[in-house]
Amino acid sequence: MPTIVPLSAIEPRQIDQLLDASFGIARRARTAYRIRQGVDALDALSFAALDDDDYLAGSIQLWPVALRDPQKRPHPMIMVGPVAVAPGYQGEGYGKALMAASLGALDAGFESGAPPLPQVMIGDPDYYARWDFTAQHTAGWTCPGPFEPERLLVRTGNPAILPAEGILGPWRV
């Protein structure tokens with residue numbers, strides 16, 4: 001059973017090594033990196049999964065991003081990912097535990113009266129559907145780089161607030 005701790009408790013070098021092992025060293029060229037370029041991950045929503053020997057087995061980071069509609073108005077969102085699990089631990093529930101921790105922290109804000117921002121990610125639609133992520137509302141959205149439209153997913157309790165069109169990018173106040 002994974003132990004979930006704040007990602008800020010982990011040495012950044014270890015996180016980079018995990019991400020390289022999970023996604024390869026060319027990972028920084030991916031479109032998701034362009035979307036969140038220049039902003040820091042949200043510490044309160046980013047976690048690490050440790051194995052029984054306190055070895056880093058996985059991590060999840062959430063980021064402030066925005067969907068800019070055709071009038072250039074920003075619509076704040078939270079980008080989920082990367083969700084990284086070391087190759088030797090994949091399929092053992094580490095990714096599910098990390099998703100539960102991050103989305104649970106987001107949803108806790110809703111229970112206290114603040115509705116959570118929509119969450120967006122680029123990922124496997126079949127896998128992430130269990131957390132209500134869907135491509136149903138993202139057909140008119142674009143990204144600053146190549147992406148597969150069916151993998152651009154959003155999770156929200158109120159799809160009516162989502163712009164029909166826009167481009168994803170970092171959220172800067």
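The values are calculated or read from the model by the stated rules, or taken from the named source; none is laboratory data. No experiment lies behind these values; they were computed from the predicted model shown. No Cβ is skipped: glycine too gets one built from the backbone with ideal geometry, and neighbour counts run over all protein chains shown. Surface accessibility is based on the protein's heavy atoms, side chains included, excluding ligands, DNA and RNA. Shrake-Rupley method; radii C 1.70, N 1.55, O 1.52, S 1.80 Å.
Counting residues that are farther than 26 Å from residue 143 by Cβ and open to solvent by less than 80 Å² (accessible area, probe 1.4 Å), which helices (runs of 4 or more DSSP H) fully inside segment 1-120 reach at least 3?
Details: elements: 12-23, 31-35, 94-111.
Output list reads 94-111.
Looking across segment 137-158, just one residue is within 23 Å of residue 100 (Cβ to Cβ), at pLDDT 95 or above and open to solvent by 70 Å² or more (accessible area, probe 1.4 Å), and that is 151.
Scanning segment 121-136 for residues that are crowded, with 19+ Cβ neighbours inside 10 Å and in contact with a Pro (Cβ under 8 Å, 6 or more places away or on another chain) returns a single hit, 133.
All of (1) in contact (Cβ under 8 Å) with a residue 60 or more places away in the chain; (2) on the phi > 0 side of the Ramachandran plot hold for residue 72 with one exception: (1).
Screening the candidates 59, 102, 8 for the property of being under 22 Å from residue 157 (Cα atoms), among the hydroxyl-bearing types (Ser, Thr, Tyr) and touching a helix residue (DSSP H, G or I) at 6+ places or on another chain (Cβ under 8 Å) yields one hit, 102.
Selection of first residues in segment 36-57 that are more than 27 Å from residue 91 (Cβ to Cβ) and of second residues that are surrounded by fewer than 17 Cβ atoms within 10 Å (Cβ to Cβ), restricted to Cβ pairs under 6 Å at least 6 apart or on distinct chains, gives the following pairs, ordered by first then second residue: 43/8.
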